[in-house]
Amino acid sequence: MKGLIPPGSGKYLSIGVETAASFLLGLYGGYWIDSIWGPFPLWTTVGTLAGVALGFYNLYIRLKK
């Protein structure tokens, strides 16, 4: 089992987790606001797009280093 994950790959694994987390948090936040303010999925869409944008921005910043 030794050497299952190559050394130095933690940086890239964390980028994937952070990108997915920002997407899911944006989706959940928008869904939560929509559940309070109305049935139209406006804030779910806005939250999802914001989460995707922030995830890719984080990806860009991390890979730029």
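The values are calculated or read from the model by the stated rules, or taken from the named source; none is laboratory data. The structure presented is a predicted model; accordingly, all values stated were derived computationally and were not measured. Ideal geometry is used to build each Cβ from the backbone, glycine not excepted, and the neighbour counts take in all protein chains shown.
Could you tell me whether segment 25-35 includes any residue that is of a type in the set (D, E, K, R) and in a loop (DSSP other than H, G, I, E, B)? The answer is no; no qualifying residue exists.
Taking the condition of being surrounded by 13 or more Cβ atoms within 10 Å (Cβ to Cβ) and not in a helix (DSSP H, G or I), how many residues in segment 51-65 meet it?
Pass one, segment 51-65, residues surrounded by 13 or more Cβ atoms within 10 Å (Cβ to Cβ): 51-56, 58-59, 62.
Subset that is not in a helix (DSSP H, G or I): none.
So the answer is 0.
Among what's in segment 1-33 and is β-branched (Val, Ile, Thr) and over 13 Å from the mean Cα position of the chain (by Cα), pick the residue that is modelled with the highest pLDDT. Give the derivation first.
So in segment 1-33, the residues β-branched (Val, Ile, Thr) come out as 5, 15, 17, 19, 33.
Right, trim to over 13 Å from the mean Cα position of the chain (by Cα) and you get 5, 33.
Working: ILE5: 74, ILE33: 93.
By that ranking, first place goes to ILE33.
Within segment 1-30, residues that are closer than 14 Å to GLY51 by Cα have Cβ atoms under 8 Å from residues that are in a loop (DSSP other than H, G, I, E, B) in these pairs: GLY30/PRO41, counting only partners at least 6 apart in sequence or on another chain.
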